[in-house]
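Each remark here refers to the structure printed beneath this line.
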Amino acid sequence: MNSGTILLVEDNPDDEILALRALKKAQTKNNVVVTRDGQEALDYIFGKGKYNGRNPDETPQVIFLDIKLPKLNGLEVLKNIREDERTSLIPIVLLTSSDEERDMIDGYKLGANSYINKPVDFDEFIEQVKVLGKYWLGFNKTPH
Amino acid sequence: MFNIKYLPIKKKLSMIIMTSALLAVVLLSSVFVVYEYISLRNSIIKEFSTTSKIIANRSHAALLFSDKATLQENVDSLKIHDDVTATCLYNEADDILAFFSKNAHPETKADCPIHPSRNLNHFDDKYYQISQPIVVDGEPMGLLYIKVSLRSLNGHLSTYVIATAVFSLIIILAVFIFSSYLQNFITTPLLLLKNTARQVTKNKDYTLRASKESHDEIGDMVDTFNEMLATLQEQNKTIIDDAESLELKVGERTKELAIANQELEAFSYSVSHDLRSPLRAIDGFSKALLEDYGHELNHTAHDYLKRVRKASQKMGELISSLLQLSRVTRKELKDTHFDLSDMVMTIVHQLQEQDPERIIDIQIQPEMYIMGDEQLIEVALDNLIGNAWKYSKYEKFPKIEIGYYIENGHTIYFVKDNGAGFDNKYSKNLFTAFQRLHSPEQFEGTGIGLATVFRIIQRHHGEIWAKSVLDEGATFYFTLYDNRPQAGETKSFSSGTNPDIKTNTGKTNPAENNGNE
């Protein structure tokens with residue numbers, strides 16, 4: 001498996017713990033960075049604010065991005081990432097609790113690579129993370 | 001054909017006046033002419049009866065003595081009268097004793113009748129003839145005859161007629177000129193009124209008013225007309241104001257509705273996000289607890305945690321169902337024509353994949369084409385077929401049938417199973433949200449599925465109903481953009497006459513066969 005960083009953008013601490021647990025259950029060995037709102041996520045990616053000095057060229061291997069976030073929501077974060085040449089190709093998996101089609105359509109329109117509808121059943125969630133993790137961290141080749 | 005009804009009022013008035021004037025003038029002239037003629041005749045009669053009497057008297061002695069010279073003298077005395085054409089004097093034996101005639105030779109006595117009538121007093125076209133008997137001492141002695149030409153009388157009469165005619169013409173002309181001028185007093189206000197009325201009708205301008213030109217009945221009519229216009233103007237204003245305020249109200253309501261819809265959408269969006277994440281935490285951490293600390297917990301604790309997980313998952317399903325119900329209500333309909341049989345097959349295939357051990361006899365009528373919103377119809381069929389699948393799970397030989405039949409021109413689709421069924425007396429609660437006819441231990445479910453189906457059918461202007469025999473199965477019927485056949489309608493088809501109405505199994509209304517299975 002690839003050794004790049006996984007960026008998890010999640011404001012809900014419960015969901016954060018569960019997502020990390022799911023990643024662990026899915027046997028991912030990658031380093032996971034957690035940011036808790038949209039602005040912090042962008043700061044991390046572009047090496048600004050709290051993350052001043054971080055090299056933006058070291059892009060995360062994959063970003064797990066919750067749609068509902070404080071400050072900037074997930075779709076706005078996605079838009080910002082896609083608009084910048086340096087980050088436009090990072091694989092992004094959107095996470096959402098809702099099964100609103102509108103969110104999914106907006107997400108794909110803005111250039112999301114995958115879409116996880118976080119199920120209530122935790123077992124199902126682990127399955128999904130396993131599949132997606134394997135795909136984006138293992139099989140899929142992305143340009144560097 | 002000429003009809004006075006179609007003439008303009010001005011011409012009508014002219015015609016009435018001119019006809020009356022003409023009639024009056026002609027009558028008057030005729031009276032004058034006739035009167036003149038009669039008085040002329042009377043004056044001739046009077047004149048010559050006197051003259052003839054005088055001459056007759058003068059001739060008594062001469063007649064007694066047969067003095068022809070005196071008689072001739074008496075007769076000749078009338079020669080001076082221009083109009084007398086002949087005068088003849090007879091004895092009692094009708095022998096002419098003296099005469100003169102302007103028209104013939106004296107010898108022929110042409111104008112003297114041979115046997116003149118004794119009391120002649122006669123007019124014809126050209127002449128007036130009079131005879132005067134000569135009586136002496138009561139004894140008739142002879143007769144005087146005078147013939148008078150009427151030429152001068154006729155000439156005088158002709159002149160009189162011409163003069164009357166010319167005078168009549170002058171009168172008629174004067175009447176025409178005067179009436180043309182005077183009738184304007186009637187026609188002008190009428191024409192003004194008419195033009196105003198026409199403009200009002202044409203331009204729908206109720207602010208116009210007719211001007212009042214006279215203070216008679218037409219003036220009253222103008223007043224009434226103007227009052228009517230004022231009323232119309234007021235009513236029109238009210239109508240326009242009402243329409244405007246109605247439009248405003250509709251606009252407001254639409255806005256309110258849009259806001260309410262937005263709120264509903266925001267509400268379900270937040271429900272879908274915010275209600276689920278705590279549930280996920282409950283389920284996830286219960287699972288984590290079981291995994292990480294399971295060895296420290298006894299059997300009861302394990303059971304409790306499992307129940308917590310099951311309950312949270314159940315609530316997750318409930319939220320999904322509710323959201324689906326609200327989405328079904330909000331979604332914009334996109335009607336297309338599609339193959340329902342295909343859709344049914346896909347659904348059945350999915351159910352079979354989720355539940356591979358179950359063996360069910362499934363009959364799907366092929367080539368059922370339908371008009372509707374594909375996404376919504378799929379949700380409805382998912383629910384109906386899913387129910388049939390679920391409620392036939394305790395059946396030894398489960399059977400599900402999906403098809404349609406036609407009754408009185410209404411196309412009715414049905415989903416039929418031979419499962420648990422329900423008591424018909426509760427059937428009216430079937431389509432109410434959260435109403436369940438079975439216990440969750442027996443058959444799990446949210447109680448929202450059929451409410452969702454109902455809403456979908458309703459949005460397609462169709463009807464849905466169900467029939468069942470407890471423990472023998474249930475059949476759900478629905479129509480799309482059509483009504484359910486009424487009880488009074490007679491069945492217009494019989495099985496086998498129309499291939500369209502046969503299901504795969506050759507049955508018609510599947511409920512009728514429920515009891516035999």
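The values are calculated or read from the model by the stated rules, or taken from the named source; none is laboratory data. All values derive from a computational prediction rather than experimental measurement. Quick reminder, even Gly has a Cβ in these numbers, built from the backbone with ideal geometry, and neighbours come from all protein chains shown. Ligands, DNA and RNA are excluded from the accessible area calculation, which covers all protein heavy atoms including side chains. Shrake-Rupley method; radii C 1.70, N 1.55, O 1.52, S 1.80 Å.
Is it fair to say B:F225 is under 30 Å from B:L191 (Cα atoms) and either modelled with pLDDT under 90 or surrounded by 11 or more Cβ atoms within 10 Å (Cβ to Cβ) (or both)? The answer is yes for B:F225. Among the residues of the range B:464-481, is any open to solvent by less than 40 Å² (accessible area, probe 1.4 Å) and either in contact with a Cys (Cβ under 9 Å, 6 or more places away or on another chain) or modelled with pLDDT under 80 (or both)? No - not one qualifying residue is present in the range B:464-481.
Could you tell me how many of the residues in the range B:349-385 are open to solvent by 20 Å² or more (accessible area, probe 1.4 Å), in contact with a helix residue (DSSP H, G or I) (Cβ under 8 Å, 6 or more places away or on another chain) and part of a helix (DSSP H, G or I)?
So the first thing to find is which residues in the range B:349-385 are open to solvent by 20 Å² or more (accessible area, probe 1.4 Å), and the list is B:349-364, B:366-367, B:369, B:371, B:374-375, B:378-379, B:382-383.
Add one more test, that the residue is in contact with a helix residue (DSSP H, G or I) (Cβ under 8 Å, 6 or more places away or on another chain), and what stays is B:351, B:355, B:358, B:360, B:362, B:364, B:366-367, B:369, B:374, B:378-379, B:382-383.
Add one more test, that the residue is part of a helix (DSSP H, G or I), and what stays is B:351, B:374, B:378-379, B:382-383.
So the count comes out to 6.
Within the set B:Y426, B:Y391, the sole residue that is open to solvent by 20 Å² or more (accessible area, probe 1.4 Å), in contact with a Leu (Cβ under 8 Å, 6 or more places away or on another chain) and of a type in the set (F, W, Y) turns out to be B:Y426.
Charged (D, E, K, R), in contact with a helix residue (DSSP H, G or I) (Cβ under 8 Å, 6 or more places away or on another chain) and modelled with pLDDT of 85 or more, is that true of B:K416? In short, yes. For A:I81, the test of being crowded, with 23+ Cβ neighbours inside 10 Å, within 20 Å of B:Y269 (Cα to Cα) and either in contact (Cβ under 8 Å) with a residue 24 or more places away in the chain or within 11 Å of chain B (Cβ to nearest Cβ) (or both) is failed. Could you run through the range B:303-315 and say how many residues are open to solvent by less than 70 Å² (accessible area, probe 1.4 Å) and farther than 16 Å from A:F122 by Cβ? Residues that pass the stated criteria total 1. If you go through the range A:28-39 one residue at a time, do you hit one that is assigned to a helix (DSSP H, G or I) and more than 14 Å from chain B (Cβ to nearest Cβ)? Yes, there is a match, as at least one residue in the range A:28-39 is assigned to a helix (DSSP H, G or I) and more than 14 Å from chain B (Cβ to nearest Cβ). Of B:K287, B:K255, B:K314, all but one fail to be within 30 Å of A:A22 (Cα to Cα), at pLDDT 90 or above and among the basic types (K, R); the exception is B:K287. For the range B:328-348, the set of residues classified as open to solvent by 50 Å² or more (accessible area, probe 1.4 Å), farther than 24 Å from A:R102 by Cα and assigned to a helix (DSSP H, G or I) consists of B:D342, B:M345, B:T346, listed by residue number. Just one of the listed residues (B:L279, B:L325, B:L318) is more than 12 Å from chain A (Cβ to nearest Cβ) and either buried (at least 20 other Cβ atoms within 10 Å of the Cβ) or under 60 Å from the mean Cα position of the chain (by Cα) (or both), and it is B:L325. Checked against the criterion of being acidic (D, E) and either open to solvent by less than 50 Å² (accessible area, probe 1.4 Å) or away from chain A (no Cβ under 13 Å) (or both), the candidates B:E291, B:E265, B:E217 yield just one match: B:E217.
Could you tell me whether B:S131 is open to solvent by less than 50 Å² (accessible area, probe 1.4 Å), among the small types (G, A, S) and closer than 30 Å to B:V222 by Cβ? Spelling it out, it is not the case that B:S131 is open to solvent by less than 50 Å² (accessible area, probe 1.4 Å), among the small types (G, A, S) and closer than 30 Å to B:V222 by Cβ.
Criterion applied to B:K212, B:K147, B:K204 was being among the charged types (D, E, K, R), surrounded by 12 or more Cβ atoms within 10 Å (Cβ to Cβ) and in contact with a helix residue (DSSP H, G or I) (Cβ under 9 Å, 6 or more places away or on another chain), and the one residue passing it is B:K212. A count restricted to the range A:84-115 and to residues that are touching a residue at least 12 places away in the same chain (Cβ under 8 Å) and buried (at least 18 other Cβ atoms within 10 Å of the Cβ) stands at 16.
Report yes if B:S341 is modelled with pLDDT under 90 and either out of contact with any Gly (no Cβ under 9 Å at 6 or more places or on another chain) or not hydrophobic (A, V, I, L, M, F, W, C) (or both), otherwise no. No.
Every residue, every condition in (1) part of a helix (DSSP H, G or I); (2) open to solvent by 80 Å² or more (accessible area, probe 1.4 Å); (3) in contact with a helix residue (DSSP H, G or I) (Cβ under 7 Å, 6 or more places away or on another chain); (4) modelled with pLDDT under 85, yes or no:
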site	(1), (2), (3), (4)
B:F2	no, yes, no, yes
B:K5	yes, yes, no, yes
B:K12	yes, no, yes, no
B:I17	yes, no, yes, no
B:L22	yes, yes, yes, no
B:L27	yes, yes, no, no
B:S43	yes, no, no, no
B:K46	yes, yes, no, no
B:L97	no, no, yes, no
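Counting only residues that are open to solvent by less than 60 Å² (accessible area, probe 1.4 Å) and acidic (D, E), the range A:116-134 holds 2 of them.
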